[in-house]
1. On a full-extension model of 0.36 nm per residue, what is the gain between R200 and Q96, subtracting their alpha-carbon distance, rounded to one decimal in nm?
2. Antiparallel versus total DSSP beta bridges in the stretch 125-201: what percent is that, nearest 5?
3. Given a Förster radius of 30 Å and the C-beta distance between K162 and E108 as r, what FRET efficiency does 1/(1 + (r/R0)^6) yield to the nearest 0.05?
4. Along the charge dipole of the chain, Cβ charges K/R +1 and D/E -1, which of F196, S138, L60 sits furthest on the positive end?
5. List the relative contact order of the chain as a percent without decimals, with contacts defined as Cα pairs under 8 Å and 6+ residues apart.
6. Ignoring ligands, DNA and RNA, please state the percent of accessible area on the stretch 59-201 from carbon and sulfur, probe 1.4 Å.
7. Quick check on my link table: of K141/K176; K29/K160; K29/K65; K29/K98; K160/K180, which ones sit more than 20 Å apart, alpha carbon to alpha carbon?
8. With angles folded into 0 to 90 degrees, how steeply does helix 96-109 sit against the dominant principal axis of the chain? Use alpha carbons for both and round to 10.
Amino acid sequence: MTPTDFQRETGVSDGVRARLQTYADLLVKWQAKINLVGPDTLADLWARHMLDSAQLAPFLAEGAKVADLGSGAGFPGLVLAIVRPDLEVHLVESDQRKCAFLREVNRETEAGATIHNARIEALASLRADVVTSRALASLDKLLGFADIHRLSTGKCLFPKGKRWQEELTAAQITWKMTAKQHPSRTEPAGRILELFEIERV
């Protein structure tokens, strides 16, 4: 996927595309020094990371406060901050070097995200409307992390791979929730899980 394909697929403006290109360029530069993403995913960066993150945008209400847990290289949180400037995005990442990368991208793209260099469980609750996270942990564990940082009325939005059904079934032993699943635009066997009314059993 090229940046032009991405723009056609998402309908973002030329300005947003240019800022995401800056992000992509910085990612390639920093990847040479620290491992931010799987090296084999760089060749298809626009589909594997940019579109995979941006596809969450339609599920976020105007002006929502979003907490992205275990942000790593900033997917999906930093992409969402660039694509949807109306959002209040918080990135939580414990690795100092990854945070240095996130700060540089945030500055260069004027994304306006807030970056927290902290462990998820050590940070005071962000009281977010929406919690996102990608490739961090199993759904059961993610819901435990999200429980710290979401409002009781908040929801979770997690892209999951082909074992999403298995993870959902396992999580329902510990958690009661309303689950909607949406097709993934980047992984045919995967789903975007949109979870509401979440409570421990």
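The values are calculated or read from the model by the stated rules, or taken from the named source; none is laboratory data. These figures come from a predicted structure and were not determined experimentally. All Cβ positions, glycine included, derive from the backbone under ideal geometry; neighbour counts span all protein chains shown. Just the protein is used for accessible areas: all its heavy atoms, side chains included, with ligands, DNA and RNA removed. Shrake-Rupley method; radii C 1.70, N 1.55, O 1.52, S 1.80 Å.
1. Numbers: separation 104, 0.36 × 104 = 37.44 nm, distance 3.20 nm.
Contour length minus the Cα-Cα distance gives 34.2 nm.
2. Looking only at bridges with both residues in the stretch 125-201, the antiparallel portion is about 75 percent.
3. Values: r = 35 Å, r/R0 = 1.16.
The calculated FRET efficiency here is 0.30.
4. S138
5. Relative CO of the chain lands at 17 percent.
6. Working: 3130 of 6610 Å².
For the stretch 59-201, the apolar C and S fraction of the accessible surface comes to 47 percent.
7. Values: K141/K176 14 Å; K29/K160 28 Å; K29/K65 30 Å; K29/K98 13 Å; K160/K180 13 Å.
From the list (K141/K176; K29/K160; K29/K65; K29/K98; K160/K180), the Cα-Cα distance tops 20 Å for K29/K160; K29/K65.
8. 60
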